[in-house]
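The values are calculated or read from the model by the stated rules, or taken from the named source; none is laboratory data. Predicted model only: the values in this text are computed from it and were never measured. Using ideal geometry, Cβ is built from the backbone for each residue, glycine included, and neighbour counts are taken over all protein chains shown. Surface accessibility is based on the protein's heavy atoms, side chains included, excluding ligands, DNA and RNA. Shrake-Rupley method; radii C 1.70, N 1.55, O 1.52, S 1.80 Å.
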Amino acid sequence: IHSYAQTVSNEGTEFYAVFPRHVPSRSGFGSELSLANYSVFITSKDASSGVVSVGSFSQSFSVAANTVTEVHIPRSQAYIDESEANQVLANRAIKVTVDPGKPKVVVYGHIFAGARSAASLILPKEALGQRYFSMNYPSASEGANYIAIMVTEPQTKVFIRRNGADLVTNGVTLNPGDVYQYLSLQDLTGTEVVIDSLGASCKSFAVFTGSSNSVINTPQCVGNSLDPLYQQAYPIESWGTTFGFIPLTGGNS
């Protein structure tokens, strides 16, 4: 008797990330803008190696066991400006690939500029799915909510739907390396992103959601905090029913 099973974790050998719209804070809180940057952080419980690539940029990496390696991504190759939203952009996906035969790694992505930053765990290809729901937060002035989509196989078609209505007519068709960033001044929380069940039912894709400039009320401070929200969405196949959390202390602690 043979039994077959599989387990999905945050370890993998192939990852896709994105550098979406970001509203930076002023440099030194002055008048000059500090443009956003993006870094990939790679770690592993075993020594490994691979390549990080986007556009014409390609850099080999090596990581010793239980350490972290940072790879800085050139802004010119990966950043998606507001003017480039709502269109398919070729070769904008940040891809992390482990060398053949090398141990799996874990990947994080970090956006930072001035006094603002946001980071996300990056899911491996094996953990990607076919249906997601967006999580966002109301944006401040100059900001917007976003949904960024990347695929792992050619000619993958997805739909972006809000309350049953398509936000993009006839959906979006992408190839590996492409990125589609949907921007909206409205809160996109609850928007569904789903595979085309007719033409791409066996394909998976990655979704990142958030806000380029969220308003976080801070009564104990002067003014409000304006920070980006950046996270990779998890497919509904990975959702659960029981969750634990650690509450934070209040006051000045």
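Structure values in brief
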quantity: E237 accessible area, 1.4 Å probe, all protein chains in place, Å² to nearest 10; calculated: 120 Å²
quantity: Accessible area expressed per residue, segment 172-214, with surrounding protein chains retained (probe 1.4 Å, Å²); calculated: 33 Å²
quantity: Surface share of carbon and sulfur [accessible, 1.4 angstrom probe, percent] for the chain; calculated: 52 percent
quantity: Largest to smallest accessible area among H2, H22, H110 [probe 1.4 Å]; calculated: H2, H110, H22
quantity: nm² value of the averaged projected area, convex hull over the Cα atoms of the chain; calculated: 17.4 nm²
quantity: Lys/Arg +1, Asp/Glu -1 at C-beta; segment 10-166 dipole; positive extreme among G143, F61, P24; calculated: G143
quantity: With DNA, RNA and ligands ignored, accessible area of K95 (1.4 Å probe; Å², nearest 10); calculated: 70 Å²
quantity: The chain, relative contact order in percent, only Cα pairs under 8 angstrom and at least six apart counted; calculated: 22 percent
quantity: Against the rule of thumb 2.2 N^0.38 Å, how large the Cα Rg of segment 165-213 comes out; calculated: 1.25
quantity: Test item: Cα-centred dipole of the chain, Lys/Arg +1 and Asp/Glu -1 on Cβ, debye; calculated: 140 debye
quantity: F61 accessible area, 1.4 Å probe, all protein chains in place, Å² to nearest 10; calculated: 10 Å²
